[in-house]
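Note sheet for the following structure.
Values in this text are rule-based calculations from the coordinates and carry no lab data. Small disclaimer: the values here were computed from a predicted structure and weren't measured. Backbone-built Cβ (ideal geometry, glycine too); neighbour counts: all protein chains shown.
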Amino acid sequence: MNSLGTVLARSLRGSMVGCVKKCGGVNGKLLTLLSLVILLSCGCSIDGGKTSSVVQTSGSNVTNVTNASFDPCTLVSKDDAAHILGSSIDVEPEIMAPVCRYAPRATPDKNVKASQAAATNEILVSVGKSNNARSYFALDRTDAKKQSSVEDVKEVGDEAFTVTLDVEKAIVVGSGNIIYSIMIVDPHLAIKSMQTDLLLLAKHAQQTVLAGVRTLPIPHPDPCGLLNAQDASQVLQGKPVNWFFTVNNAGVASCDYISSQGPDHRIQVISLTRPGVAKSLYQNARMTAGSNNKLDLKGLGDLAFEDGSTAIWVLKGSTFMHISFLGAPPTNGLITTYAKKAVARF
């Protein structure tokens, strides 16, 4: 698997309908929990490029605090995932988003073409908490309907639905203030079998959620502390906001603020503190961001650039931060002002 500090290019999986459009169009936009998982399943990155990587978790820069979170790499058992995928697997957190990837263990084979190796089967898991989970769940469901047909599921959680794509099927479950998403990517597995497997995995994940087995501390810096709810409300025209927080064992964390005006008025902050990795992520973002409006910013961390006043990428020391805005762009450089405030809180 990929080593620390390296962002490896991944081939785009042509089997997923609309993947190329997604990879080319996510730059500067905000993603629901399900959207992040869908993009990662096609090899897209959160910064608009076509890269992704996973990391070993030893030495992860997460500090002990009271508010622990669920680790997405503990929601699905390795044995269950291996049985579904039909081979020995590796379980590792993503470095581009707070997601866990269960994938067949790499076996060097000179006879396997790169294009064949890229079309692997895998399971992607993400989990987060919100002060208004029911509202965020509804947002995820609305977003899913834009991708494909949605089927409600009653056997797990407080509420749940599945969405079927090309060679992928996902389930999203709401349970109390927790929302988790599981996606199976397998071009050789029948959709009906995916439905059965997803429900099995979701029920096992639900047991972990109900047991309250929260193994991950909030990383430092906490993205919900870099830009807090009061800051987000001021940027979003003074309207009340709800938040949704996710993290994985690599220390990648995301805080998503949604205005009372609706899902088209949102701010998302993604951060990671890891020596070496942070700089690689920034350089990758600077290289692959698809807009022609990129502008380098001075006086903001060590390095920073913005994309048409709707997204900012910052590197300061060993911390990488990405702030995205959805809706009418803030006036008078307001998002830059709050990015500076966030950097001061590193």
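Here the gap between Asp302 and Leu210, fully extended at 0.36 nm per residue and compared with their Cα-Cα distance, gives a gain of 28.9 nm.
Placing R0 at 22 angstrom, the Cβ-Cβ distance between Ala229 and Gln261 gives a FRET efficiency of 0.90 after rounding to 0.05. If the chain linking Ser149 and His83 were pulled fully straight, counting 0.36 nm for each residue of separation and taking away their Cα-Cα distance, it would gain 21.0 nm. The alpha-carbon of Lys146 sits under 16 angstrom from the alpha-carbons of these aspartates and glutamates, leaving out residues fewer than 8 places away in its chain: Asp166, Glu168, Asp264. Mean separation of Cα pairs under 8 Å and 6 or more residues apart, divided by the residue count, gives region 123-215 a relative contact order of 28 percent.
Between the DSSP loop rule and a limit of at most 14 other Cβ atoms within 10 Å, which GluC sites (Glu not before Pro) in region 143-197 are left? Answer in residue order: Glu155.
Among the trypsin sites (Lys or Arg not before Pro) in region 140-205, those placed in a DSSP loop whose Cβ has at most 15 other Cβ atoms within 10 Å are Lys154.
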